[in-house]
Structures are given as C-alpha cells and as structure tokens.
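Reading through the structure tokens given below for one structure.
The values are calculated or read from the model by the stated rules, or taken from the named source; none is laboratory data. None of these values were measured; they are calculated from a predicted model. With ideal geometry, Cβ positions are generated from the backbone for all residues, glycine too; neighbour counts draw on all protein chains shown.
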Amino acid sequence: MSDSTPSTSPSAPIVAFIGGGNMARSLIGGMITRGADPTRVRVADPVAAVREALFADFGVQVFASATEAVDQASVWVLAVKPQVMRTVCAEVVDIARNARPLAVSIAAGLSSTQLSTWLGGDAAVIRAMPNTPSLIGAGMTGLFANAQVDPTQRGQAERLLDAVGPTVWIEDEAQMDAVTAVSGSGPAYVFLFAEALQAAGIRQGLSADTARLLANQTLLGASRMLTERDEPAAELRRNVTSPGGTTHAAVETFEQGGLRELVDRAVAAAAARGRELSAANDD
Ligand SMILES: NC(=O)C1=CN([C@@H]2O[C@H](COP(=O)(O)OP(=O)(O)OC[C@H]3O[C@@H](n4cnc5c(N)ncnc54)[C@H](OP(=O)(O)O)[C@@H]3O)[C@@H](O)[C@H]2O)C=CC1
Ligand SMILES: O=C(O)[C@@H]1CCC=N1
C-alpha cells in the first residue's frame, strides 16, 4: 500500500476510462471527491445519458468513443464488461501500439496475457479488482501487474486506486479470481444480508423505516469494529453472544442452517465464474 495522496499534482497522468458504468462511476466519484483534477479524467461510454450524468456530477471529459477518450491519456482504465472487452480492445489497439499506455483492467476473470495480446502484444497491463464502496472512499482493491509494467506505472496505478480505499498487491495472478469473489463481489453479499435483516425485522413487527435504520446502522457499527479494532471477527461475535441469550439462539440457527458452508460455496462459485469468463475468451 502507498499513502493516499490524491492525484492533483501537475504530473498526475491523464486517465481515460473506457466504459462509464457502475464501477467506473464509483472510481471516478471517489477520485474527484479526493481532489483529482476532472479535466485530466476522460471517459468513453456509448450511452448519452451515462455521459451526461458523469459530466454533470463530476465535471469529467466525456466522449462517445474509446478512441477519442484515450487521446493524450497515458493510463487507460478498461471498465467494460468482460464479454465485450476483446471488441473494445480492438477499437484502440492501433493507438495502444504507438502510445504504449498503462492499461488497468478492472474486468473480472480476464487474464493479463489475454489483455496484453488484445492490446497488440507486450502491453503493460495491471489487473485491478475494486469494489463499489470506492464511490464513498471506502473501496478495497486487489492489484496484479504483468512483467511489462515498470515501477513508475505501478505507482500510478496504486495512487489511482488508493484514492478510493486501500490497495493490496497480489503476486500470483491466479488469486485474482479469489480477490474478485471476496471483495469485488463482496458488497453485494452484505447488501443481500441487509435486505434479509430488514425483511426479518419487518416480520417481527417493526416499521420498514425502523427496520432499515436498525439493520443498516448495525452493519455500519459492526463493520467499523471489524476494521478499526485489532480483534478477530470470532472474538467480536463472542462478545455479543451471552450464554443462553438471544444472540446465541440466532447464531445457532445460522450455524445449523449451514451459513459457513453456504458462504464457502458462494465464494467458490464467484471464483469459478471468473475462470469461466476468462476461458470463454480463449482462442
Ligand atoms: N460493478 C462492480 O461492482 C464491479 C465491476 N467490475 C468490473 O467492471 C467492469 C464494468 O462493470 P460495471 O461497471 O458493473 O458494468 P456496466 O455495464 O455498468 O458498465 C459498463 C459500461 O461500458 C459501456 N460500454 C460498452 N461498450 C463500450 C465501448 N465500446 N466503449 C466504451 N464503453 C462501452 C457500457 O455501455 P452499454 O450499457 O451500452 O453496453 C456500460 O455503460 C466489468 O468488467 C466488471 O467485471 C469490477 C469490480 C466491481
Ligand atoms: O459481478 C461481477 O461480475 C462484477 C465483478 C465483481 C463485482 N461485480
């Protein structure tokens, strides 16, 4: 991890996002909030409403085509779905051959070898796996660099992603599917649990507003304890669980229902899907 210096200095690279959807918006929002210069952030997206919203919300430069967006940019963030990545790379491969940018792919599954090949071969590629809490500066990103990435480019990618939360370098690329399954997709698991906890509160007679407040604030408080105190999750759980008390009754129900095995299977399914997305793009 590096320090969290926002990319405001004149030497901050011009960054082009190809794809301005949910994850790009989270990253861009986090970067701008942390002081990045919006005139040095360029975004391509085919959807006019997406472009208009990004310009209105963050003041970034917006373009209908990837080729326009990457002009002058030394860092390209590839933020389209894995299924269209190869086609999108084909749009910009000629520019990549000349400009030799750092390509930062946030796509699930796709390997650095695939991306490097699609960008003309021998391209500097960093795989980044961020998550949507980046929008509020509470993201988490795993990073992997291929052999073509130089130390300056590693620093550029780290500063870009550090603006929206902590980063961790992964040395074994195969582990990026596990990163994706834990922290990339992870916010959705928490939101699903929030939905279930809110619904259960309503079934116990609480109003929807009260159930939402109780559930959401509880998730916030528990998450802060997990991240701000140097105590294992199991210890924090035990501190809530009085012998023979209410929590014990609920936790037993979770354990008997196979929560741990279910989480294990869900994370394994996400990681397997990452591998499938990559394999689907092999020649
Ligand atoms: N959402 C998340 O939590 C996370 C997503 N990711 C990764 O981020 C990537 C994007 O995901 P997400 O933001 O959710 O997806 P979205 O569909 O929200 O965003 C992708 C955007 O790219 C646009 N697009 C399609 N083709 C092009 C093109 N040729 N040039 C420029 N833009 C194009 C799409 O337009 P259109 O709708 O018209 O196709 C869409 O607006 C994926 O690879 C995903 O694996 C990684 C971490 C977390
Ligand atoms: O669902 C997906 O495929 C992407 C990758 C991680 C989060 N969203």
Can you name the condition, by its number, that Leu143 falls short on among (1) in contact (Cβ under 8 Å) with a residue 40 or more places away in the chain; (2) within 16 Å of ligand 2 (Cβ to nearest atom)?
(1)
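Yes/no per residue for (1) in a helix (DSSP H, G or I); (2) at pLDDT 95 or above:
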| position | (1), (2) |
| --- | --- |
| Val43 | no, yes |
| Val50 | yes, yes |
| Phe55 | yes, yes |
| Val62 | no, yes |
| Gln72 | no, no |
Kindly provide the set of residues from segment 77-122 that are farther than 16 Å from Ala24 by Cβ, among the basic types (Lys, Arg) and either within 8 Å of ligand 1 (Cβ to nearest atom) or outside any helix (DSSP H, G or I) (or both), ordered by number.
Arg100
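State yes or no: is Gln148 over 21 Å from the mean Cα position of the chain (by Cα), in contact (Cβ under 8 Å) with a residue 24 or more places away in the chain and surrounded by 13 or more Cβ atoms within 10 Å (Cβ to Cβ)?
For Gln148, the condition - over 21 Å from the mean Cα position of the chain (by Cα), in contact (Cβ under 8 Å) with a residue 24 or more places away in the chain and surrounded by 13 or more Cβ atoms within 10 Å (Cβ to Cβ) - is met.
Got a number for residues in segment 242-269 being among the charged types (D, E, K, R), more than 16 Å from Ala188 (Cβ to Cβ) and out of contact with any Phe, Trp or Tyr (no Cβ under 9 Å at 6 or more places or on another chain)? It would help to see each step written out before you state the result.
In the first step, residues of segment 242-269 are kept if they are among the charged types (D, E, K, R); the result is 252, 255, 260-261, 264-265.
Then drop every residue that is not more than 16 Å from Ala188 (Cβ to Cβ), which leaves 252, 255, 260-261, 264.
With the extra rule that they be out of contact with any Phe, Trp or Tyr (no Cβ under 9 Å at 6 or more places or on another chain), the set shrinks to 252, 255, 261, 264.
Residues meeting the conditions: 4.
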Go over the candidates Ala200, Ala234, Ala271 one by one and state the one that is surrounded by 14 or more Cβ atoms within 10 Å (Cβ to Cβ) and part of a helix (DSSP H, G or I).
Ala271
Return the residue satisfying two criteria in turn: it lies in segment 156-183 and is part of a helix (DSSP H, G or I) and over 16 Å from Ile126 (Cα atoms), and of such residues it is nearest to the chain's Cα centre (by Cα).
Ser183
Please enumerate the residues belonging to segment 81-99 that are exposed (fewer than 14 other Cβ atoms within 10 Å of the Cβ) and closer than 18 Å to Gln153 by Cβ.
Arg97, Asn98
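Condition test on Arg275, is it among the basic types (Lys, Arg) and more than 28 Å from Thr113 (Cα to Cα)?
Working: among the basic types (Lys, Arg): yes; more than 28 Å from Thr113 (Cα to Cα): no.
Considered against the rule, which asks whether it is among the basic types (Lys, Arg) and more than 28 Å from Thr113 (Cα to Cα), Arg275 comes out as no.
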Which members of segment 170-197 meet the condition of being farther than 22 Å from Leu277 by Cβ and surrounded by 14 or more Cβ atoms within 10 Å (Cβ to Cβ)?
Ala194, Leu197
Tell me the residue from Ser105, Ser134, Ser111 that is touching a residue at least 40 places away in the same chain (Cβ under 8 Å), within 16 Å of ligand 2 (Cβ to nearest atom) and either under 22 Å from Ala12 (Cβ atoms) or touching a Leu at 6+ places or on another chain (Cβ under 6 Å) (or both), please.
Ser134
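Evaluate the following for Asn22: is it exposed (fewer than 15 other Cβ atoms within 10 Å of the Cβ), touching a Ser or Thr at 6+ places or on another chain (Cβ under 8 Å) and on the phi < 0 side of the Ramachandran plot?
So Asn22 passes the test.
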